[in-house]
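Values in this text are rule-based calculations from the coordinates and carry no lab data. In this text the structure is predicted, and so the values were computed from the model without any measurement. We place every Cβ from the backbone using ideal geometry, glycine too, and count neighbours over all the protein chains shown.
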Amino acid sequence: MSSVPTAAAEADHKVSCASSGLRRVLGYVFPWWRSLVAASVVLTLSSALLLVPAVLVRNITSTLNRRDVHYGHLATLTGIAAGALLIGAVLSAIGAVLVMRAAQGVGSQLRTKLFSRLLTQTPLTTQTGAQAT
């Protein structure tokens with residue numbers, strides 16, 4: 001038997017390394033899953049609402065091209081478009097805050113783990129963690 005790894009063995013090793021890396025990343029993200037799910041829902045709703053004015057512009061222009069313009073209908077369409085823009089913008093801001101909150105949490109957790117690991121590996125620290133002078 002040769003000790004040279006085969007292509008299949010190398011591929012299996014790469015997959016296992018990738019899946020262990022993915023598990024590690026998901027372990028850092030998991031505490032903030034509620035925030036990320038809420039952000040996904042809020043940003044999806046925001047995107048849908050921000051498409052409404054684009055659709056209504058066609059109806060507004062077709063209303064303006066008529067000989068008998070119903071200004072009440074035109075005002076209603078304009079109000080719906082403006083309301084959808086306003087609600088979509090607010091939802092977009094809320095979604096951005098939720099995503100940033102989760103990102104800050106993951107970054108904080110990574111920094112804390114990194115610094116605690118570095119402090120345990122520093123040669124100038126004693127058993128109690130105090131620096132040697």
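In the stretch 42-119, taking the dipole from charged Cβ atoms about the Cα centre, the farthest positive-side position among Leu98, Ser108, Val69 is held by Ser108. Full extension of the chain between Asn59 and Thr76 gives 5.0 nm of extra length, using 0.36 nm per residue less the Cα-Cα distance. Remark: relative contact order (the stretch 42-119) = 43 percent; criterion is Cα-Cα distance under 8 angstrom and separation of 6 or more residues. Put simply, when 39-49, 66-76 are sorted by average Cβ atoms within 10 angstrom per residue, most first, you get 39-49, 66-76.
Residue order for Thr78, Thr61, fewest other beta carbons within 10 angstrom first, comes to Thr61, Thr78.
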